[in-house]
1. For K109, which sequence-distant residues (separation of 5 or more, or a different chain) have an amide H within less than 5 Å of its own amide H, given hydrogens modelled in the peptide plane?
2. Using the membrane-span-like helix rule (whole DSSP H runs, Cα extent along the own axis of at least 30 Å, mean Kyte-Doolittle hydropathy at least -0.5), which helices of the chain qualify?
3. Among 37-46, 144-153, 54-63, how do they line up from the highest to the lowest mean number of other beta-carbon atoms within 10 Å?
4. Let's see if you can work this out: charge +1 on each Lys and Arg Cβ, -1 on each Asp and Glu Cβ, no other charges. What is the dipole magnitude of the chain about its Cα centre, in debye to the nearest 20?
5. Considering the dipole of region 1-157 built from charges on the beta carbon (Lys and Arg +1, Asp and Glu -1) around the Cα centre, which of L49, A156, F26 is farthest to its positive end?
6. Name the long-range amide H neighbours of L97: under 5 Å, sequence gap of 5 or more, or other chain; modelled H, no Pro or chain starts.
7. Over region 116-169, one equal point on each Cα, no solvent: what is log10 I(q)/I(0) by the Debye formula at q = 0.24, 0.26, 0.30 Å⁻¹?
8. Tell me, how many Å apart are the Cα centres for region 14-64 and for region 105-134?
Amino acid sequence: MTNFIYVSTYIFMSGDFLRDSGVQTFGTRLRRLLERLNGNVTDLYRDRLGFEQRWFALGMLLFKRGPLDVGTAAGMLGQSHVAITQVANAMENAALLERRPDDEDRRRKVLVLTSTGKTTLERVEAISLRVEAAAQALIDEAAPEFIQMIDALDDALERRDFASRIADAFDGSLIDDVDTGSAP
């Protein structure tokens, strides 16, 4: 027998408000999913290596590609210059990278892994291969097309950002003018 909880005009069947709310809580559900995935991985890197998972993308990029300036790294990772600078500062404080003058343009600084950084990233990579295997097993079990779906969403947002799509949903009206009595 299914238990129903009636709230306002919604019917909640699972007891999980976010799940029952569908697309309305899409961003929140993605954050929750990411927290469930990343929380355990964050603990693993931190406990085993003293490495923060938020350093992973920049660290692996430098490990695999070599020294890069902040702007190039930001472009390759699809992140802001500010975000990469913050991560680089934290990694520098942890003695994993340093800034050096660029060989081609001495006015510019590049991010370079230290010997400690290289050793740590070798260990991070070894752990990440096992994390990748676990993630692949989860995807195979629950949603074999998940990565392609993420790629499709990413591509759609490259073509047209979400802010533009939201503006279309307002159909030229202002937020203050939105009628709260009916959905679009």
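1. D102
2. Values: long enough: 26-49 (33 Å, -0.76); 115-142 (40 Å, 0.06).
Flagged H segments are 115-142.
3. So the peptides 37-46, 144-153, 54-63, ranked by packing, come out 54-63, 37-46, 144-153.
4. Values: 22 positive and 29 negative charges, 170 e Å.
The dipole of the chain has a size of about 820 debye.
5. The Cα lying farthest towards the positive end belongs to L49.
6. Answer set, sorted by chain and number: E92, T114.
7. Log-scaled intensity ratios, in q order: -0.86, -0.92, -1.03.
8. 20 Å
The values are calculated or read from the model by the stated rules, or taken from the named source; none is laboratory data. Keep in mind the model is a prediction, meaning the values are calculated, not measured. Please note: Cβ atoms are built from the backbone with ideal geometry, for glycine as well, and neighbour counts cover all protein chains shown. Just so you know, the surface numbers come from the protein's heavy atoms only, side chains and all, with ligands and any DNA or RNA stripped out. Shrake-Rupley method; radii C 1.70, N 1.55, O 1.52, S 1.80 Å.
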